[in-house]
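Please read the structure below before turning to the comments.
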Amino acid sequence: MNPTKKIIFSLAFLLLAVSAIYAGDHYKNFKVAVYSRAYETAKMGDNNYLEPIWDEISRQVKVDKVYLETHRDLLIVDEATLTKAKTFFQNRGIETAGGITLTVDESNNFETFCYSNPEHRKKVKEIVEFTARHFDELILDDFFFTNCKCELCVKAKGTKSWTDFRLELMTKAATDLVIDPAKEVNPNVKVVIKYPNWYDHFQGCGFNLETEPKLFDGLYTGTETRDPSGNQHLQPYLGYLVYRYFNNLKSGKNGGGWVDPGGLTFMDRYAEQLWLTMFAKAPEITLFDFRQLQRPLLKSDRAAWQSLATCSFNYDEMMKPVPDKTGKMVQPTTIARAAGYTFETIDQFLGQLGNPLGVKSYKPFHSTGEEFLQNYIGMTGVPMDIVPEFPENEPIVFLTEQAKSDPQIVSKIKKQLLSGKDIMVTSGFLKTMQDKGIGDIVELRVNDAKATVKEFVAGWGQHSFSGKAMIIPQINYLTNDSWEIVSAFDGTNGWPIIHRANYAKGKFYVLTIPDNVTDLYQYPVDVLSKIREILTPNMPALLEATGNNSLFVYDNNTVIVESFTNETQLVKLRLSEKFTKATDLISGKEISGEKKEYFLTRRQPAIVKTVLNLELKPHSYIVLKLEK
């Protein structure tokens with residue numbers, strides 16, 4: 001080897017060695033990325049700013065990749081700074097990609113660019129081209145939509161609805177202003193669109209889930225749910241379900257989930273969002289953002305139940321010293337450690353989980369009605385899976401009011417029933433469709449009257465009570481043409497909670513949704529268990545628990561049971577006939593069950609199944625492998 005080649009080889013080897021030292025270990029089952037907003041990226045030309053912050057973050061959480069945002073709120077990072085930032089991370093073995101947020105002023109009600117304005121369109125194209133020249137991957141953060149109603153937009157809209165106008169406008173903008181310009185300057189660039197968490201309202205601002213997934217190279221999912229009492233009212237289960245839904249839009253091309261600590265209550269609420277994303281089997285998770293990961297850990301982050309050492313997120317355990325890059329043990333300082341601790345915990349078992357399974361719920365593109373309801377059902381212990389096409393090969397399909405958007409929905413329901421499979425619809429769907437063909441299946445009506453109920457019967461004379469009175473819609477039916485499976489009472493008067501009608505070889509069920517949808521969690525355990533029985537006939541296990549407890553099921557007979565409550569829960573897991581015990585994949589402990597008889601109807605003999613008695617700590621989960 002000549003001297004020049006020796007020098008080149010030595011330098012290359014040295015660079016690889018240095019990169020390996022800085023990169024450190026990785027998590028076994030997923031990658032972790034950090035997103036840097038343009039505000040922070042613009043400061044990264046100064047190593048005195050960047051290096052100490054990065055050292056603090058990287059000793060608390062293992063990072064594989066950094067998204068360097070080039071634009072937000074008309075701030076464009078200059079080329080020299082962007083180049084220095086890329087070099088800084090690449091020298092440390094960290095992958096880099098570009099990020100773009102297409103806002104004019106995020107603080108002004110998320111003011112977006114106007115895609116009817118030629119100057120704005122020109123600027124968007126310039127930003128995309130600039131970013132694509134510097135990265136082989138770029139991601140659009142959350143805001144590739146439009147909420148503009150300027151005079152130009154009003155004129156361009158004409159007689160169309162705002163939804164139809166914006167859906168068409170943004171589909172064209174995707175190709176003309178983003179994808180084509182990016183690939184013109186860099187044919188190798190991968191262009192990814194990150195969708196936020198409010199999917200049921202996307203069409204109103206032009207996010208087009210029908211056309212865009214086919215156009216972009218990949219998708220990314222906003223799995224942040226924050227505080228469910230916040231103004232979005234997103235249930236924790238959405239952090240799991242939204243990733244699965246977007247993965248069904250472009251199978252295998254959903255790059256990961258994205259979480260921020262916004263609306264933080266206690267630190268385990270942040271951790272829940274992280275592990276729910278990973279329960280959905282996301283290959284990568286992005287932590288938003290470089291600035292927020294520097295947020296100090298506070299005493300107020302520790303919830304009262306953190307005195308229970310067996311919680312899935314143990315604050316005291318998290319706060320134990322961790323090694324820095326020199327090996328010195330250092331006290332955790334920022335929220336980055338909360339992420340790192342969570343990842344270390346779940347990485348121990350994620351590789352043992354199969355592919356997620358769930359009850360298929362059909363949501364047509366751009367549909368509305370009973371928004372986000374599948375997430376509330378998921379919070380009652382029914383594993384859910386939202387799909388954009390009617391699933392014809394499922395034993396039962398769950399339909400909310402959203403399904404009314406499909407003009408062929410009644411014929412699809414009939415086909416399902418004629419084939420010997422079942423359907424469960426909500427009272428909201430029934431009310432919308434009762435004069436649009438459902439009467440040809442069963443003569444049921446949701447009238448305008450309401451009932452206030454607290455007492456329920458889900459078996460033969462077995463009365464149970466909710467923790468509070470709730471208001472439900474009244475469903476009327478023709479006696480002996482269809483039957484109440486679960487009833488609610490006010491005195492001697494009663495109304496269906498689950499109603500069943502036979503049609504050919506199939507069964508058509510109606511589930512009554514309370515006026516306040518969170519009252520679903522108030523249904524007694526036997527009522528919720530009956531819902532689960534009907535919706536999950538082929539699942540390996542069924543949860544017997546109150547609301548605010550969820551079950552995650554995988555195709556290799558592994559399950560996760562999780563509590564979202566602030567108190568310790570005693571729950572039961574009813575196993576299918578194939579299983580008699582389980583192994584806790586975290587502790588390695590074998591869990592034996594007890595035999596219990598279940599009567600499906602009055603005339604059928606009892607079925608004997610194994611039931612596991614489980615103790616769920618507050619905001620904690622148990623991971624089980626079911627065994628014969």
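Looking only at strands (runs of 3 or more DSSP E) that lie completely in segment 517-599, which have at least 1 residues being at pLDDT 95 or above and in contact with a Phe, Trp or Tyr (Cβ under 9 Å, 6 or more places away or on another chain)? Before the answer, list the steps.
Values: elements: 541-544, 549-554, 558-563, 569-575, 581-584, 590-592, 594-598.
Filter on segment 517-599 gives 541-544, 549-554, 558-563, 569-575.
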Inset, instruction - Just need a number here: residues in segment 455-507 that are of a type in the set (Phe, Trp, Tyr) and assigned to a loop (DSSP other than H, G, I, E, B). - result: 2
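Return the residue satisfying two criteria in turn: it lies in segment 81-104 and is of a type in the set (Val, Ile, Thr), in a helix (DSSP H, G or I) and in contact with a helix residue (DSSP H, G or I) (Cβ under 8 Å, 6 or more places away or on another chain), and of such residues it is farthest from Cys148 (Cα to Cα).
By that ranking, first place goes to Thr83.
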Inset, instruction - Answer yes or no: is there a residue in segment 172-184 that is within 16 Å of Thr211 (Cα to Cα), in contact (Cβ under 8 Å) with a residue 60 or more places away in the chain, of a type outside the set (A, V, I, L, M, F, W, C) and assigned to a helix (DSSP H, G or I). - result: no
Inset, instruction - For segment 465-491, enumerate the residues that are surrounded by 15 or more Cβ atoms within 10 Å (Cβ to Cβ) and polar (S, T, N, Q). - result: Ser466, Gln474, Ser482, Ser487
Inset, instruction - Note down all Cβ pairs under 7 Å where the first residue falls in segment 307-328 and is outside the structural domain of Pro618 (by TED's automatic domain parsing) and farther than 12 Å from Asp268 by Cα, the second is of a type in the set (S, T, N, Q) and in a loop (DSSP other than H, G, I, E, B), and they're at least six residues apart or on different chains. - result: Pro321/Gln331; Val322/Gln60
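Report yes if Val410 is in the same structural domain as Tyr523 (by TED's automatic domain parsing), in a strand (DSSP E or B), surrounded by 14 or more Cβ atoms within 10 Å (Cβ to Cβ) and not aromatic (Phe, Trp, Tyr), otherwise no. Steps first, answer last, please.
On the way: in the same structural domain as Tyr523 (by TED's automatic domain parsing): yes; in a strand (DSSP E or B): no; surrounded by 14 or more Cβ atoms within 10 Å (Cβ to Cβ): yes; not aromatic (Phe, Trp, Tyr): yes.
In short, no.
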Inset, instruction - Hey, can you tell me all the residues within segment 105-116 that are farther than 12 Å from His71 by Cβ and in a loop (DSSP other than H, G, I, E, B)? - result: Ser107, Asn108, Asn109, Phe110, Cys114, Tyr115, Ser116
Legend entry - The lone exception for Ala403 - which of (1) buried (at least 18 other Cβ atoms within 10 Å of the Cβ); (2) hydrophobic (A, V, I, L, M, F, W, C); (3) in a loop (DSSP other than H, G, I, E, B) it fails: (3)
Inset, instruction - Go through (1) more than 22 Å from Ile139 (Cα to Cα); (2) at pLDDT below 95 one by one and return the number of the condition Pro261 breaks. - result: (1)
Legend entry - Odd one out for Met170, checked against (1) out of contact with any Asp or Glu (no Cβ under 8 Å at 6 or more places or on another chain); (2) under 30 Å from Gly262 (Cβ atoms): (1)
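Go through the residues of segment 71-78 one by one and say whether even a single one is in the same structural domain as Pro296 (by TED's automatic domain parsing), closer than 30 Å to Phe279 by Cβ, out of contact with any Cys (no Cβ under 7 Å at 6 or more places or on another chain) and not β-branched (Val, Ile, Thr). Spell out the reasoning first.
So the first thing to find is which residues in segment 71-78 are in the same structural domain as Pro296 (by TED's automatic domain parsing), and the list is 71-78.
If we keep only those that are closer than 30 Å to Phe279 by Cβ as well, we get none.
Within segment 71-78, not a single residue is in the same structural domain as Pro296 (by TED's automatic domain parsing), closer than 30 Å to Phe279 by Cβ, out of contact with any Cys (no Cβ under 7 Å at 6 or more places or on another chain) and not β-branched (Val, Ile, Thr).
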Inset, instruction - State all residues of segment 450-484 that are of a type in the set (A, V, I, L, M, F, W, C), modelled with pLDDT under 95 and in contact with a helix residue (DSSP H, G or I) (Cβ under 8 Å, 6 or more places away or on another chain); if no residue qualifies, say none. - result: Ala458
Inset, instruction - Looking only at segment 288-303, decide whether some residue is closer than 22 Å to Tyr199 by Cβ and at pLDDT 95 or above. - result: yes
Legend entry - Residues satisfying the stated conditions in segment 420-442, i.e. surrounded by 13 or more Cβ atoms within 10 Å (Cβ to Cβ) and over 26 Å from the mean Cα position of the chain (by Cα): Lys421, Asp422, Leu430, Lys431, Thr432, Met433, Gln434, Gly437, Ile438, Gly439, Ile441, Val442
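Among residues belonging to segment 107-130 that are among the acidic types (Asp, Glu) and touching a helix residue (DSSP H, G or I) at 6+ places or on another chain (Cβ under 9 Å), point out the one that is nearest to Ala97 (Cα to Cα).
Glu129
Of all residues in segment 587-628, count the ones that are surrounded by fewer than 16 Cβ atoms within 10 Å (Cβ to Cβ) and either of a type in the set (A, V, I, L, M) or touching a helix residue (DSSP H, G or I) at 6+ places or on another chain (Cβ under 8 Å) (or both).
Matching residues across segment 587-628 total 4.
Report yes if some residue within segment 415-438 is among the basic types (Lys, Arg), modelled with pLDDT of 95 or more, more than 30 Å from Asp555 (Cα to Cα) and assigned to a loop (DSSP other than H, G, I, E, B); otherwise report no. Before the answer, list the steps.
From segment 415-438, those among the basic types (Lys, Arg) are 415, 421, 431, 436; that's our starting set.
Filter once more, so that each one left must be modelled with pLDDT of 95 or more: 415, 421, 431, 436.
From what is left, the residues that are more than 30 Å from Asp555 (Cα to Cα) are 431, 436.
When the remaining residues are screened for being assigned to a loop (DSSP other than H, G, I, E, B), the result is 436.
Among the residues of segment 415-438, at least one is among the basic types (Lys, Arg), modelled with pLDDT of 95 or more, more than 30 Å from Asp555 (Cα to Cα) and assigned to a loop (DSSP other than H, G, I, E, B), which makes the answer yes.
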Inset, instruction - Could you grab the pairs with beta carbons closer than 9 Å, sequence gap of 6+ or different chains, first residue in segment 565-594 and at positive phi, second one among the hydrophobic types (A, V, I, L, M, F, W, C) and modelled with pLDDT under 95? - result: none
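The values are calculated or read from the model by the stated rules, or taken from the named source; none is laboratory data. Just so you know, these numbers come straight off a predicted model, no measurement behind them. Quick reminder, even Gly has a Cβ in these numbers, built from the backbone with ideal geometry, and neighbours come from all protein chains shown.
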